[in-house]
Amino acid sequence: KFKQNNLFGVESEPEVVALAVVNMIFRGDGKNNIIEGNCFQKNLKVKTINGNVTAEYTNEPIAAEDKVISKVLMNPPFALKSDDDKEYLFINNALSQMQDGGELFSVLPYSCMVKGGSYLGWREILLEKNTLLSVITFPEDLFYPIGVHTVGVFIKKGKKHPKKQKVYWVRALNDGYLKKKGKKLKNTRAKDDFPKILPILQSYIINQNIHVANIPKFQKACEIDFTDEKLELIPEAYLDDDIITPEQLDEDIEELIREYTAFNIKFEKQLEGIKIDESE
């Protein structure tokens, strides 16, 4: 019943629609309501068929009581030029059709969470109307060979983000894949952070009061700094640095001295060479 009545998707590229449908058939179906079209012109309105709550596409605005979407998974097209549709417009469109309390996940360019201008305005409005649950920094080569650094964002619809509400910040830079011959392939030798964060993330989405171990440069649950004028909503702005031990400090000082000494020796030799040339 769920596969038949409760999965919906809109895609503007016919080839991608065909790939999605075939992929879903291979994975057990659910393709019934995957359509080609413009997501900004397609709304979902609640509908009941044979006692099963489902939805239907409409070009008309939908009333609050007709909103039926409870979960959204998104990978909006990334704006490459200033006149392209901004990524957050797709998120706004999805949130406008969701029930309050619904949960949205989206892949976004890293820059969306740090840029100023309209992006900063969007982040401020987002937190005014919704709750930010988690932000995850993905590996820089996640979409290799396309070089767009991305984050994953989890949002709960319809409730202003409480100032004391913690967010689960994660920096997951390893995904278990290695690059080989122009491709990223799964490799057992590659480090994978996601099995470690997945159970925590699943629990945190349900209950934001669970304990999360503070691991420097990797994960932390803490409040948003609303005094930050840039309102940068990225893990790197909140994760702690490694605590430097006396032993590490001694090693760093020794390394710095070695580099400084090597530089001086090299520089003095270069000066001697210049003097010889001048005398000749």
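Quick rundown of the values:
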{"quantity": "FRET efficiency, A63 to I243 (Cβ-Cβ, R0 45 Å, nearest 0.05)", "calculated": "0.25"}
{"quantity": "Label-point separation, F263 to N52 (7 Å along Cα→Cβ), nm", "calculated": "6.9 nm"}
{"quantity": "Residue of V16, V114, V68 that the Gaussian network model of the chain assigns the largest fluctuation, springs spanning Cα pairs under 10 Å", "calculated": "V16"}
{"quantity": "Principal semi-axes in Å for the stretch 158-280 [√(5λ), Cα gyration tensor, largest first]", "calculated": "46, 23, 16"}
{"quantity": "Filtered GluC sites (Glu not before Pro), the stretch 198-254: DSSP coil and at most 13 other beta carbons within 10 Å", "calculated": "E229"}
{"quantity": "Theoretical gain in end-to-end length, E36 to H149 [0.36 nm per residue, Cα-Cα removed]", "calculated": "37.9 nm"}
{"quantity": "Per-q log10 I(q)/I(0), the stretch 194-260, q = 0.17, 0.22 Å⁻¹ (Debye; single scatterer per alpha-carbon; no solvent)", "calculated": "-0.79, -0.99"}
{"quantity": "Cα-based equivalent ellipsoid, the stretch 117-206: semi-axes from gyration tensor eigenvalues, Å", "calculated": "30, 17, 8"}
{"quantity": "Accessible area per residue, Å², the chain with all protein chains present, probe 1.4 Å", "calculated": "64 Å²"}
{"quantity": "Mean Cβ neighbour count within 10 Å, used as a protection proxy, ranking 193-201, 101-109, 178-186 highest first", "calculated": "101-109, 193-201, 178-186"}
{"quantity": "The chain: most fluctuating residue of F143, F267, F218 per GNM, C-alpha cutoff 10 Å", "calculated": "F267"}
{"quantity": "Calculated diffusion of the stretch 80-151, Stokes-Einstein form, Kirkwood radius summed over Cα pairs, 37 °C and 0.692 mPa s, µm²/s", "calculated": "244 µm²/s"}
{"quantity": "Cα-based equivalent ellipsoid, the chain: semi-axes from gyration tensor eigenvalues, Å", "calculated": "46, 24, 20"}
{"quantity": "Inter-label distance, nm, simple model (7 Å from Cα along the C-beta direction), K179/C222", "calculated": "3.2 nm"}
{"quantity": "Simple spin-label estimate for I125 and E15 in nanometres, 7 Å along Cα-Cβ", "calculated": "3.4 nm"}
{"quantity": "Chain lengthening between S70 and D85 when straightened (0.36 nm per residue, less Cα-Cα)", "calculated": "2.9 nm"}
{"quantity": "Accessible area of the stretch 108-231 belonging to carbon and sulfur atoms, whole % at 1.4 Å probe", "calculated": "55 percent"}
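The values are calculated or read from the model by the stated rules, or taken from the named source; none is laboratory data. The structure presented is a predicted model; accordingly, all values stated were derived computationally and were not measured. Cβ: placed from backbone, ideal geometry, glycine included. Neighbour counts: every protein chain shown. Just so you know, the surface numbers come from the protein's heavy atoms only, side chains and all, with ligands and any DNA or RNA stripped out. Shrake-Rupley method; radii C 1.70, N 1.55, O 1.52, S 1.80 Å.
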